[in-house]
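The values are calculated or read from the model by the stated rules, or taken from the named source; none is laboratory data. Model, not experiment: these values are computed from the prediction. Backbone-built Cβ (ideal geometry, glycine too); neighbour counts: all protein chains shown.
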Amino acid sequence: MATTEIWDNDDGLVIKFGTERSKQPRAGEVVTAGAVKTLTMDVGFADVLNNVPGAGFDVDSDAGGNFDSFSGFQAFIPASSLVIRATFFALTDWADSAGTMDIDVGVYQKDGTAIDADGLIVAMLEGDLDVGELVEGAGAIVGTTVGLLDAYIAITETGSATLSAGTGRLVVEYIAPLA
């Protein structure tokens with residue numbers, strides 16, 4: 001039986017009834033030495049193309065058929081954290097129907113409202129993503145704080161072509177605020 005009831009209670013905890021199989025998380029925090037924390041996210045072209053949980057969003061809050069917000073199960077950058085670096089590493093070649101697709105990496109509030117839709121990586125050109133290539137993020141959030149709300153990460157497409165291949169790993173390094 002699949003989970004049929006999911007909601008956030010007044011304390012912000014996600015409540016679920018029913019049964020479901022556990023899923024391997026696609027994003028998570030890596031423990032490192034010192035104050036710097038690392039969030040990694042593995043993503044494939046189909047995740048970005050279809051705006052599905054692998055690309056960040058994992059809740060269809062308006063039942064419109066598109067994932068547009070985040071559950072309490074997604075990794076996030078805590079409010080007021082300083083983003084030091086964002087990098088994207090192509091694990092395989094990326095391709096699209098016309099070679100014109102851009103990919104943005106941004107931060108969003110839990111309800112899906114954009115804090116900065118390309119705040120980590122701006123217009124990463126699909127045509128530039130060959131296996132082994134590394135893209136350094138230069139978005140407006142890199143080098144500053146994410147703001148006063150927790151920042152959830154989403155990878156979105158911007159362009160008229162259709163993605164057809166590619167996998168990669170996003171790595172975001174940040175310093176969380178003290179308590």
Among the residues of region 33-50, are any of a type in the set (Phe, Trp, Tyr), closer than 23 Å to Ala165 by Cβ, buried (at least 17 other Cβ atoms within 10 Å of the Cβ) and at pLDDT below 80? no
If Tyr108 satisfies all but one of (1) under 18 Å from Gly159 (Cβ atoms); (2) modelled with pLDDT of 85 or more, what's the number of the condition it fails? (1)
Within region 146-157, is there a residue that is more than 23 Å from Ser71 (Cβ to Cβ) and either among the charged types (D, E, K, R) or in contact (Cβ under 8 Å) with a residue 40 or more places away in the chain (or both)? no
Hey, Thr144 hits all of (1) modelled with pLDDT under 90; (2) more than 18 Å from Thr40 (Cβ to Cβ) but one; which does it fall short on? (1)
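I'd like to check which strands (runs of 3 or more DSSP E) are fully inside region 103-179 and have at least 3 residues that are crowded, with 16+ Cβ neighbours inside 10 Å.
Numbers: elements: 114-125, 134-136, 151-158, 163-165, 167-175.
Fully inside region 103-179 and qualifying: 114-125, 151-158, 167-175.
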Tell me which residues, restricted to region 121-131, are at pLDDT 90 or above and touching a Phe, Trp or Tyr at 6+ places or on another chain (Cβ under 8 Å). Ile121
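When the residues of region 71-101 are filtered to those that are crowded, with 20+ Cβ neighbours inside 10 Å and not small (Gly, Ala, Ser), which remaining residue is nearest to Trp7 (Cα to Cα)?
Applying the first criterion (crowded, with 20+ Cβ neighbours inside 10 Å) to region 71-101 yields 74, 76-77, 81, 83, 86, 88, 90, 94, 96, 101.
Applying the additional criterion that residues be not small (Gly, Ala, Ser) yields 74, 76-77, 83, 88, 94, 96, 101.
Details: Gln74: 15, Phe76: 19, Ile77: 22, Val83: 30, Phe88: 33, Trp94: 36, Asp96: 37, Met101: 35 Å.
For region 71-101, the residue satisfying everything is Gln74.
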